[in-house]
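Please treat every number below as a calculation from the coordinates, not as lab data. From a predicted model like this one, the values you see are computed outputs, not experimental measurements. Because the Cβ atoms are built from the backbone with ideal geometry, glycine has one as well, and the counts that use them run over all protein chains shown.
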């Protein structure tokens, strides 16, 4: 048993870092929107789904048949194309979602419960729209079945780590996620737009008096959060190689768990929470089996809300800041 644990630990750790990087990117969208609007955007999972469909459309349009044989330079360029396209489409979709589902309620001073119900309704609407209309029209297949993606990154071993190996695709996911997360963190901390986001999160009334346009900041927040989900969707499709109309449902809840675990409203907390959750999931599979990974994630969410609602970095749900 001990030897089996040692054999699997390093491999599970590497896989957990890959999975956690994707969770962290999606969690950034939840935490940014909550930090500014105090809104749990449950339709964010469908913004992620839209990103995976964008990447799938590009791959299937380029691939003539089956998997693509690309050199390392072409693989990186393809991944950058998918990340950019998915970020643009997902970011734009998030802005439209805010305009249609949330802004009218905000202008009328509706309660947070109304916004939450609107988010759930938008989530279900987007799922069914893709299942019934968009996937059959674009891909010519049933929208209810998983959609396979061509492989464009080989699963080559780059180097061993103990009795485990690190593959090309895993390195690309981790490096890509880290670069994007660092860029977002610096944008929020050092730029004028970032100062506007932080000012709105801390005191909207004072921000308005200082000349900050709340509507503009909210649009930018949804755009950035959606773009993070789009980047995550490109990395996810490269790694998992299939998607579907409900691909964001469970993953979105896990990303929300990661945001709460790290301290919702705290960008660096979302990053930390995503990585920790990914590791916990993969380590739990060693003891209980892979079929219990989802259960583990939701148990973590319950335990955090019960015993550490402020998250690892100490931001409370009531006082969180972007």
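In which sequence would 102, 30 go, from the one with the fewest C-beta neighbours within 10 Å to the one with the most?
102, 30
Using the alpha-carbon atoms, what tilt in degrees (0 to 90, nearest 10) does helix 72-97 show relative to the longest principal axis of the chain?
Compared with the principal axis, the helix lies near 30 degrees.
How long are the semi-axes of the equivalent ellipsoid of the range 58-197, defined as square roots of 5 times the Cα gyration tensor eigenvalues? Whole Å, largest first.
Numbers: eigenvalues 237, 123, 40 Å².
One finds semi-axes of 34, 25, 14 Å for the range 58-197.
Nearest 10 degrees is fine. How inclined is helix 168-190 to the longest principal axis of the chain, computing both from alpha carbons?
Result, in degrees: 20.
Give me D for the range 132-261 in µm² s⁻¹, whole number, from Stokes-Einstein with Rh from the Kirkwood sum over alpha-carbon pairs, 4 °C and 1.567 mPa s.
This corresponds to a translational diffusion coefficient of 72 µm²/s.
Compute a Gaussian network model of the chain, connecting alpha carbons closer than 10 Å, and tell me which residue from 110, 86, 284 fluctuates the most.
Ranking 110, 86, 284 by mean-square fluctuation puts 110 first.
Two decimals, Cα atoms only, Kirkwood Rh: what is Rg/Rh over the range 200-264?
1.13
Output needed for the range 130-200: three equivalent-ellipsoid semi-axes, defined as square roots of 5 times the C-alpha gyration tensor eigenvalues, in descending order, whole Å. Before the final figure, lay out the partial values.
Numbers: eigenvalues 217, 165, 15 Å².
Taking √(5λ) for each Cα gyration eigenvalue gives 33, 29, 9 Å.
Within a 10 angstrom radius of the beta carbon, how do 256, 125, 57 rank from fewest other beta carbons to most?
The fewest-first ordering by Cβ neighbours comes to 125, 57, 256.
To test your reading of the geometry: what angle, between 0 and 90 degrees and rounded to tens, separates the Cα axis of helix 112-129 from the longest principal axis of the chain?
Orientation of helix 112-129: about 40 degrees from the principal axis.
With the calculation restricted to Cα positions, what are the radius of gyration and Dmax of the chain in angstrom?
Here Rg and the maximum Cα pair distance are 19.5, 64 Å.
State, as an integer percentage, the relative contact order of the chain based on alpha-carbon contacts under 8 Å between residues 6 or more apart. The partial results should precede the final answer.
Details: 555 pairs, mean separation 117.2, N = 322.
Once normalised by length, the contact order is 36 percent.
How would you classify the range 198-314 from its alpha-carbon gyration tensor, with a ≥ b ≥ c the square roots of the eigenvalues: rounded for a/c under 1.5, else prolate if a/b is greater than b/c, otherwise oblate? Working shown, then result.
Values: a/c = 3.12, a/b = 1.59, b/c = 1.97.
Note, shape of the range 198-314 comes out oblate.
Counting helices only, and only those DSSP H runs with n ≥ 4, report the 222 nm mean residue ellipticity of the chain as the sum of -39,500 (n - 2.57) divided by its residues, in deg cm²/dmol to the nearest 500.
Working: 13 runs with 229 residues, N = 322.
So the calculated ellipticity at 222 nm is -24000 deg cm²/dmol.
Give me Rg/Rg_expected for the range 18-72, where Rg uses Cα atoms only and Rg_expected = 2.2 N^0.38 Å with N residues.
Values: Rg = 15.7 Å, N = 55, 2.2 N^0.38 = 10.1 Å.
Here the answer is 1.55, to two decimals.
Once each part is reduced to its C-alpha centroid, what is the distance from the range 258-301 to the range 100-172 in angstrom?
Going from one Cα centre to the other spans 19 Å.
Sort 107, 254 so the one with the fewest other Cβ atoms within 10 Å of its own Cβ comes first. Could you put the intermediate results ahead of the total?
Working: 107 9, 254 28.
Final ranking by Cβ density, sparse to dense: 107, 254.
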